[in-house]
Amino acid sequence: MTTRSNPAAATEVPRLEDKTIQPIPADERHGKARDLFTIWFGSNIMIMTIVTGGLATTVFGLNFVPAIVGIIIGNIVGGVFMALHSAQGPQLGVAQMIQTRGQFGSFGALLIVAIVVIMYVGFFAANLVFGGEAMAAVSPVVSVDGGIIIIGIVSVVATIFGYRLIHAYARFLSVVAGVALLLAFAWILLVHGLPSTFLDQGNFNWAGFMGTISVSALWQLAYAPYVSDYSRYMPQGTGSAPAFWASYSGCVLGTLFPMILGALVGTLAVAFGHDAASVDIVGSIGAMLQPWTIAVIGIFCLGVAASNAMNLYCGVLCTLTIGQTFKPSWLPRAKTRTIGAIIIFLLALLIALFARDNFILFYTNFLSFLMYVLVPWTAINLVDYYLLRHGDYRVEDFFKRDGGVYGRFNWVAIGAYIAGALIQVPFSATAIFTGPVAAAMGGVDISWLVGLLVVAPLYYFSARIFRKKSDPAPVHTPVLATDLV
């Protein structure tokens with residue numbers, strides 16, 4: 001169904017994207033693999049990434065060195081899964097949640113898509129809060145609520161224009177935010193300085209170390225349900241390996257250094273007498289960067305708007321996917337995307353305004369929830385794509401009410417997903433619930449590792465045994481896992 005695009009035709013693609021969940025035609029395919037580096041590098045240099053890294057030395061109470069080790073391990077491991085999903089976009093030319101119908105069936109995928117919409121709304125609200133707080137910290141004329149609304153409006157505008165504007169915005173941020181990040185490190189390390197007790201702050205504990213790895217890995221995994229939305233316009237000839245490595249390097253590097261900055265700021269705040277559990281990362285970094293606070297924090301707020309535009313854009317695509325399941329003939333365009341973006345923005349805005357006072361607690365619990373529901377899905381999707389079907393799908397069947405060759409429900413995938421979610425419960429450790437195995441290990445949470453190790457082989461062997469004989473005929477050049485190296 002998909003062929004290589006005509007490069008000359010790419011110039012005819014409208015600035016205001018008119019596609020939503022439809023397959024991208026060959027003559028509208030455009031871009032290069034390096035565009036995947038900049039969109040993931042630039043959009044990750046923002047306030048929420050810094051705050052998330054700060055959890056290692058504040059909420060988890062780690063020393064700086066083990067905190068950095070945990071952040072590095074989590075990002076390197078989690079980035080592999082993120083990039084494997086990104087490499088699917090040029091091959092199939094459809095949004096990630098549309099492609100999920102190939103694993104779960106047309107109606108079976110609805111649960112996954114609904115969970116992902118919740119994820120987008122949650123991340124959108126979190127970005128609004130952290131961005132609003134940052135704007136208020138550097139500008140006396142902007143309140144937190146005012147900053148929340150400003151960032152939200154910028155995100156909505158970018159979502160309305162769609163794919164090309166979001167990519168262009170991220171390219172700009174890759175340079176500007178990258179320079180701001182370097183300035184922040186240089187100023188804090190060379191001018192602000194580190195106290196002699198810096199490395200003595202915090203302590204090593206396995207629960208905090210594994211928590212840091214989990215949160216860092218989840219940051220990467222959370223992109224999995226929509227990472228290929230930003231590679232689906234790439235020509236199929238882009239190749240899986242270039243798409244993988246551009247996405248992996250961009251997202252890992254763009255996340256790693258802001259998170260390290262957050263851990264650094266958290267450690268310094270504790271060294272200067274603040275209680276670790278109540279450290280305000282945004283306020284602390286603002287105080288440390290004087291007189292560059294307004295410039296640097298302001299640029300990081302631009303990153304918040306870029307990330308939120310991506311969350312909102314993909315949240316709309318997922319919402320439209322749910323609607324199209326019940327009405328297959330409906331293929332919405334730009335106007336519908338605009339209306340959906342406004343509705344989701346208003347919902348996230350209400351959450352941000354009413355929950356902002358205790359948002360760190362909400363955010364950490366939200367991250368735990370995402371880990372449990374995303375890990376089984378990503379294992380099933382990757383096993384199906386790379387090990388079972390090798391990228392060969394009938395894209396046209398994704399849009400049929402009965403699911404075509406994929407059916408309405410794939411009970412093998414659904415059963416593996418439910419098993420993967422349940423198997424994590426005994427190994428989980430959150431503020432709300434601690435499973436018996438996690439409790440026996442002193443609060444160490446390894447639930448996501450258990451989920452991956454159980455679901456991947458469970459789905460692989462179950463699918464091989466119970467797979468329908470009417471498997472789809474290949475419609476693309478097969479993709480193998482070995483093609484990525």
Which of the residues spanning segment 50-68 are crowded, with 24+ Cβ neighbours inside 10 Å and among the small types (G, A, S)?
G53, G54, A56, A67
Scanning segment 367-397 residue by residue, the ones that are within 23 Å of the chain's Cα centre (by Cα) and either open to solvent by less than 20 Å² (accessible area, probe 1.4 Å) or among the β-branched types (V, I, T) (or both) total 18
Yes/no for G178 being in contact (Cβ under 8 Å) with a residue 60 or more places away in the chain and not in a loop (DSSP other than H, G, I, E, B):
yes
T255: in contact with a helix residue (DSSP H, G or I) (Cβ under 8 Å, 6 or more places away or on another chain), open to solvent by less than 10 Å² (accessible area, probe 1.4 Å) and not charged (D, E, K, R), yes or no?
yes
Kindly indicate whether T267 is touching a Ser or Thr at 6+ places or on another chain (Cβ under 6 Å) and either open to solvent by less than 10 Å² (accessible area, probe 1.4 Å) or part of a helix (DSSP H, G or I) (or both).
yes
Which residues, counting only those in segment 69-109, are among the small types (G, A, S), over 17 Å from R401 (Cα atoms) and surrounded by fewer than 24 Cβ atoms within 10 Å (Cβ to Cβ)?
none
Checked against (1) in a helix (DSSP H, G or I); (2) open to solvent by 20 Å² or more (accessible area, probe 1.4 Å), L194 satisfies every condition except (1)
For segment 272-286, does any single residue satisfy the condition of being within 30 Å of A26 (Cα to Cα) and not small (G, A, S)?
no
Hits in segment 286-304 - residues which are open to solvent by less than 30 Å² (accessible area, probe 1.4 Å) and farther than 30 Å from L165 by Cα
M288, L289
Looking at segment 112-128, which of the residues that are open to solvent by 10 Å² or more (accessible area, probe 1.4 Å) and touching a residue at least 40 places away in the same chain (Cβ under 8 Å) is nearest to the chain's Cα centre (by Cα)?
F123
Read through the list (1) touching a residue at least 40 places away in the same chain (Cβ under 8 Å); (2) open to solvent by 10 Å² or more (accessible area, probe 1.4 Å), then give the number of the only condition that G208 fails.
(2)
Is it the case that L350 is touching a Pro at 6+ places or on another chain (Cβ under 8 Å) and assigned to a helix (DSSP H, G or I)?
no
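The values are calculated or read from the model by the stated rules, or taken from the named source; none is laboratory data. Everything numeric here is computed off the predicted structure, so don't read it as measured data. Glycine gets a Cβ as well: all are built from the backbone with ideal geometry, and neighbour counts include every protein chain shown. Ligands, DNA and RNA are excluded from the accessible area calculation, which covers all protein heavy atoms including side chains. Shrake-Rupley method; radii C 1.70, N 1.55, O 1.52, S 1.80 Å.
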